[in-house]
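Only one structure is covered here, and it is reproduced in the block below.
The values are calculated or read from the model by the stated rules, or taken from the named source; none is laboratory data. Owing to the predicted nature of the structure, the values given are computational and were not obtained by experimental measurement. Cβ placement follows ideal geometry from the backbone for every residue including glycine, while neighbour counts extend to all protein chains displayed.
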Amino acid sequence: MLNFEKYAQAISALMGPEFQFNPLSWDSIMQVVERVESLRDDVNGRISVIISDNSCTIKSEMFRPNQAQNNSYYDETTCTSKKSATVKALGGYACWLRVNRSKNGN
């Protein structure tokens, strides 16, 4: 079983303190997906969240796998369930975003 608690703080920072994340609810998960897909910046452009079977891929439109010095985001997560993979991928992205925002002073 995936430990959802480790992602709660990063997702809360992404969504705002009033948001009550429920990792067992698709309604709650999809609110986070919609927030992630609404983000845009000069390095990443738009972010896509692709959910299928037991995997979730989050990538920026600027990601190019053939570029060695690529600072844009890409993560493909596979778990035993679609919901677990999606929550883990969203949590990983929220953690990455929090670190990168603090590096850039945002």
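Quick look at the numbers
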| read-out | value |
| --- | --- |
| Subset of segment 27-51 [more than 15 Å from Gly16 (Cα to Cα) and among the β-branched types (Val, Ile, Thr)] | Val43, Ile47, Val49, Ile50, Ile51 |
| Candidate set from segment 1-55 (those that are assigned to a strand (DSSP E or B) and over 14 Å from the mean Cα position of the chain (by Cα)); member that is modelled with the lowest pLDDT | Asp41 |
| Every pair of residues 6+ apart whose Cβ atoms lie under 6 Å, when the first sits in segment 14-30 and is touching a residue at least 24 places away in the same chain (Cβ under 8 Å) while the second is among the aromatic types (Phe, Trp, Tyr) | Pro23/Phe4 |
| Residue match in segment 49-61 (condition: surrounded by fewer than 14 Cβ atoms within 10 Å (Cβ to Cβ) and within 18 Å of Trp96 (Cβ to Cβ)) | yes |
